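Engineer: Below is the structure I would like to discuss, written out as structure tokens.
The values are calculated or read from the model by the stated rules, or taken from the named source; none is laboratory data. This one's a predicted model, so the numbers in the text were calculated from it and none came from an experiment. Cβ placement follows ideal geometry from the backbone for every residue including glycine, while neighbour counts extend to all protein chains displayed. Remember, those area values only see protein heavy atoms, side chains included, never the ligands or the DNA or RNA. Shrake-Rupley method; radii C 1.70, N 1.55, O 1.52, S 1.80 Å.
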Amino acid sequence: MESKKLWQLISFYLSTTLALLRRIVLHILTFNHSIIRFIDSILSLYFRSCHLSPIAVDLDGQTTLHFWATDHRRFDRPTLVMVHGYGGNPLWQFVFQVAPLSRRFNLFIPDLLYFGRSYSKSPVRSDSFQAECLLDGLGKLGVDRFSVYAISYGGFVAYRMAEMRPDSVERVAIVSSGVLYSEEQRAAQLREIGRHPSEILVPKKPDDLRLLVKLSMCRENALNWVPDFLLRQFIALMYDHCRKEKTELANYLVDKKADTNLPVISQETMIIWGDHDKVFPLELAYKLQRHLGSRSRLEIIKNAGHAANMESPDEINKLITSFVSP
């Protein structure tokens, strides 16, 4: 008799839970732009569950930086700054990194300017300005010694950070970032793609976003199966905010002259590259390693494209942990 009552109680809770979930899903589906925003909110909760909290730092009257930062810094752990690229905000780009890395490091994960909640009234669009702002923001948070792990566009920013503040930046891990792109290589890549990079990096239509993912991944493009209305929601959330500024950032990188005198940073540097990168060819990884010399090492991820952090997250996490940990 007791077992029957227990089963009835369990059945009641299961049916109630399923009914609530069904109502939530139906509620989400009835509102425009809500599904992707709902997922973004879930990712925010996930970051909080990894003991990270959102912090806004005012640098001056023009610029505010937003960070996800470790709740309680432990001084027996190294500090790691994670810098995202163009594919979205850190919640989406580091979803496979944040849990394992938060168990080993004090994490500080900024929104770059014009991404997420970071913004500046300044007209400057250079990677150097991004680096200056990150260094200033970290200083205001009391972070004076740290290593940096950065992907794609974030690698341009991280390299400048290491150059500007060798006394603060201890180690540098750069993933798929063509900081030594020559003008000839850039022109050849533009001819191959057939479109201006800003049209792809800051997509307006679902097919633009599908092309961005196709260039970033070496495996089957999962977005081919995603309905257009969801992709439009993602574009609205990630790219419509500060679209003009994001486009100007991309134009700056494409239009500026190649840096033929790029300084050799003094930090130990790990270069990570997917062997099927269609954005920055693998030869740029070898070029950067030759440029940095004996204090650098190159790790090539097999069967991965430009977004190696998404396609091979476990391997990336192991490399970052072994490289940064004392």
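Engineer: If I model a spin label as a point 7 Å beyond the Cα along the Cα-Cβ vector, how far apart are those points for S325 and L282 in nm?
Structural biologist: 2.8 nm
Engineer: Share of the chain's accessible area from carbon and sulfur, percent, 1.4 Å?
Structural biologist: Carbon and sulfur together cover 57 percent of it.
Engineer: Here's a follow-up. Nearest 5 is fine: what % of DSSP beta bridges in the chain come out antiparallel, could you say?
Structural biologist: The antiparallel fraction comes to roughly 35 percent.
Engineer: In cubic angstrom, how much convex hull volume per residue do the alpha carbon atoms of region 138-246 span?
Structural biologist: Here the figure is 147 Å³ per residue.
Engineer: Still on this structure: What's the ranking of 198-206, 179-187, 84-92 by average number of surrounding C-beta atoms within 10 Å, highest first?
Structural biologist: Top of the packing list down: 84-92, 198-206, 179-187.
Engineer: While we're on this one: Taking R0 as 35 Å, what's the FRET efficiency between E315 and E248 from their Cβ-Cβ distance, rounded to 0.05?
Structural biologist: 0.55
Engineer: Just list whichever of K257/K278; K257/K318; K205/K256 have alpha carbons separated by over 31 Å in the model shown.
Structural biologist: Violating the 31 Å limit, Cα to Cα: K257/K318.
Engineer: Sticking with this one: What length, rounded to one decimal in nm, is gained on full extension from S182 through to H72, with 0.36 nm per residue of separation minus their alpha-carbon distance?
Structural biologist: Length gained, S182 through H72: 35.3 nm.
Engineer: Before I look further, what does region 171-304 give for accessible area per residue, probe 1.4 Å, in whole square angstrom?
Structural biologist: Solvent-accessible surface per residue comes out at 50 Å².
Engineer: Given 0.36 nm per residue, what is the gain on full extension from K205 to A236 after removing their alpha carbon distance, in nm?
Structural biologist: Stretched fully, the K205-A236 segment lengthens by 10.2 nm.
Engineer: Nothing charged except the Cβ atoms of Lys and Arg (+1) and of Asp and Glu (-1): what's the magnitude of the dipole of the chain about its Cα centre? Round to the nearest 20 debye.
Structural biologist: Its charge dipole is roughly 780 debye.
Engineer: I would also like to ask the following. Quote the FRET efficiency, to the nearest 0.05, computed for F229 versus C50 with a Förster distance R0 of 30 Å and r equal to the Cβ-Cβ distance.
Structural biologist: So, using R0 = 30 Å, E works out to roughly 0.45.
Engineer: Still on this model: What's the long-distance tail for the chain, i.e. % of Cα pairs beyond 34 Å?
Structural biologist: Counting pairs separated by more than 34 Å, the tail of P(r) holds 25 percent.
Engineer: Starting with the highest mean, order 289-299, 137-147 by the number of other Cβ atoms within 10 Å, averaged over the residues of each peptide.
Structural biologist: Descending mean neighbour count gives 137-147, 289-299.
Engineer: Label 7 Å along Cα→Cβ of D259; region 95-125 residues with amide nitrogen under 11 Å?
Structural biologist: Taking a point 7 Å out along Cα→Cβ of D259, no residue of region 95-125 has its backbone N under 11 Å.
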